[in-house]
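Here's the structure, in structure tokens; my notes come after.
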Amino acid sequence: AVTGVRGAGVSLDGSTQYLSCTDAACGGTSKLDSGGTSWSLGAWINRSVAGTTDVIMAKYDGSTTAYQLYVGSDNKVYFDAFTSANVATAGNTTLDASRWYFVVATYDGANKKIYINGNLDTSVADTGNIDDVASAFYIGYNNTAGTYFSGSIDEPFVTAKALTANEI
């Protein structure tokens, strides 16, 4: 554990460390599944190094990504939530290393949004249900791409509600 924004967070090395949880271990089936049109996910993050792809959280079964929140090698936040339209969502803000950011992604059935530190960073129109997969849920790792998170993560969450700007 490391000092996080609120109490203790987790420090990940970017090459072997991550957290995972199966449906059964995380409160039963469907607790971390998407399969709908209203939900949010996010965390406080503090990257060790800029210019690398850092996966914050993902649910991916090898052929279908239900959802993935990550910082790309261009230091911008990306939110992949696969719907029938499959519209990519890329943030606009460049994140620095060695600084805490509160990163939240939401989907309300009509728009995918990314918020950075409570401010709307981007909004992209998209419709349909988010694909659902039977894989484990990962923090700091994408099990198929083999990409990790280098730095600290605190207060990660997934909720079956599209949070509003005021709630974030």
Inset, instruction - Return a whole-number percent for the relative contact order of the stretch 39-168, with Cα pairs under 8 Å and 6 or more residues apart as the contact set. - result: 36 percent
Inset, instruction - Run through all the Cα pairs of the chain and give the fraction in each 5 Å bin from 0, expressed as whole percent. - result: 2, 10, 19, 24, 23, 16, 7, 1, 0
Legend entry - More than 17 Å apart - percent of Cα-Cα pairs taken over the stretch 92-144: 55 percent
Legend entry - Label-point separation, V49 to V5 (7 Å along Cα→Cβ), nm: 2.5 nm
Inset, instruction - Would you work out which of G91, A58, Y141 lies farthest towards the positive end of the dipole of the stretch 46-168, given +1 charges on the beta-carbon of Lys and Arg and -1 on that of Asp and Glu, about the Cα centre? - result: G91
Inset, instruction - Just the number, please: Stokes-Einstein D of the stretch 125-168 in µm²/s, Kirkwood Rh from C-alpha pairs, 4 °C, 1.567 mPa s. - result: 95 µm²/s
Inset, instruction - Using a 1.4 angstrom probe on heavy atoms only, work out the carbon and sulfur share of the accessible area of the chain in %. - result: 46 percent
Legend entry - Most mobile listed residue (G118, G146, G14) in the chain, GNM with C-alpha springs under 10 Å: G146
Legend entry - Rounded accessible area per residue of the chain, 1.4 Å, Å²: 43 Å²
Legend entry - GNM result for the chain, Cα springs below 10 Å: residue of T144, T52, T106 fluctuating most strongly: T144
Inset, instruction - Kindly report, to the nearest 10 Å², the accessible surface of T16 as traced by a 1.4 Å probe over protein heavy atoms only. - result: 90 Å²
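The values are calculated or read from the model by the stated rules, or taken from the named source; none is laboratory data. The structure presented is a predicted model; accordingly, all values stated were derived computationally and were not measured. FYI the Cβ positions are ideal-geometry reconstructions off the backbone, even for glycines, and counts take in every protein chain you see. Note: areas computed on protein heavy atoms with side chains; ligands, DNA, RNA excluded. Shrake-Rupley method; radii C 1.70, N 1.55, O 1.52, S 1.80 Å.
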